[in-house]
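Single-structure report; data block below.
The values are calculated or read from the model by the stated rules, or taken from the named source; none is laboratory data. Keep in mind it's a predicted model, so treat the numbers as computed, not measured. Positions of Cβ are backbone-derived with ideal geometry, glycine not excepted, and every protein chain shown enters the neighbour counts. The area values use the complete protein model at the heavy-atom level, side chains included, leaving out ligands, DNA and RNA. Shrake-Rupley method; radii C 1.70, N 1.55, O 1.52, S 1.80 Å.
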Amino acid sequence: MPLPVEVLLVILPFVVAGVVVIFIAFSGGPSAAREATFGRGGRMFWVTMVLLYLALGIAVPAAVIASRGESEGGVGPLRTEEASKSDQTGKELFISTCKSCHNLDAVQAEGVTGPDLDELGGVDKQRVLNAIKNGGTGQDRMPKNLLQGTDAQEVAAYVARVAGQ
């Protein structure tokens, strides 16, 4: 299992400090390390440092990316359990249809015109269905019947399940 990012951020400075100390020690002290770096052995040092930075520049981001699970952005029960096909479809429809307007932490949505669904109290499936049917609160800020049928049902169920978690 890959190390979490927080652990890498704590360990990495100590690893770098250790490499520097080892380099100085094997070079014969600080003045010899300076000479090896900028003097006769400079080319090998710089090649080694470039390769080290490239390795860390690839290995650390790869470890970070690998440690991100499928539950990234998952909230409540969806963080630890497999999403159903209906939940997955509702999530995808929300992302493609609603994310640009509404805030919803479960999908990292940061909309600018609609309400923050995590901050609304009492978000249940019927309330979401009514908002979809009536165009939000009916003030023409949201198109009426933006989704219909099973699409509306799946989005409403998903939002009701994850909002405010």
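Observations on the structure shown:
- Full extension of the chain between Val19 and Gln148 yields a length gain of 40.4 nm, computed as 0.36 nm times the residue separation minus the alpha carbon distance.
- Remark: the stretch 119-135, residue by residue, has Karplus-estimated 3J(HN,Hα) of 8, 6, x, x, 7, 10, 4, 5, 5, 5, 4, 4, 5, 5, 5, 8, x Hz, where x stands for each Gly or Pro and the curve is 6.51 cos²θ - 1.76 cosθ + 1.60 at θ = phi - 60°.
- Candidate cross-link partners of Lys133 among the lysines, defined by an alpha-carbon separation under 20 Å and a same-chain spacing of 8 or more, comprise Lys91, Lys99, Lys125, Lys144.
- For the stretch 84-137, the fraction of 1.4 Å probe accessible surface lying on carbon and sulfur atoms is 51 percent.
- In this structure, the amide hydrogen of Asp116, modeled 1.01 Å from its nitrogen in the peptide plane, lies closer than 5 angstrom to those of Asn103, counting only residues at least 5 positions away or on a different chain.
- Per-pair calculated FRET efficiency, R0 = 35 Å: Ser84 and Val5 via Cβ, rounded to 0.05: 0.75
- Table column - 3J(HN,Hα) (Hz), the stretch 87-97, Karplus curve with 6.51, -1.76, 1.60, x for Gly and Pro: 5, 5, 5, x, 5, 4, 5, 4, 4, 6, 10
- Amide H contacts under 5 Å for Ala109: Leu104, restricted to partners 5 or more places along the chain or on a different chain, H placed in the peptide plane at 1.01 Å from N.
- Relative to the current alpha-carbon distance between Leu56 and Lys133, full extension at 0.36 nm per residue lengthens the span by 22.5 nm.
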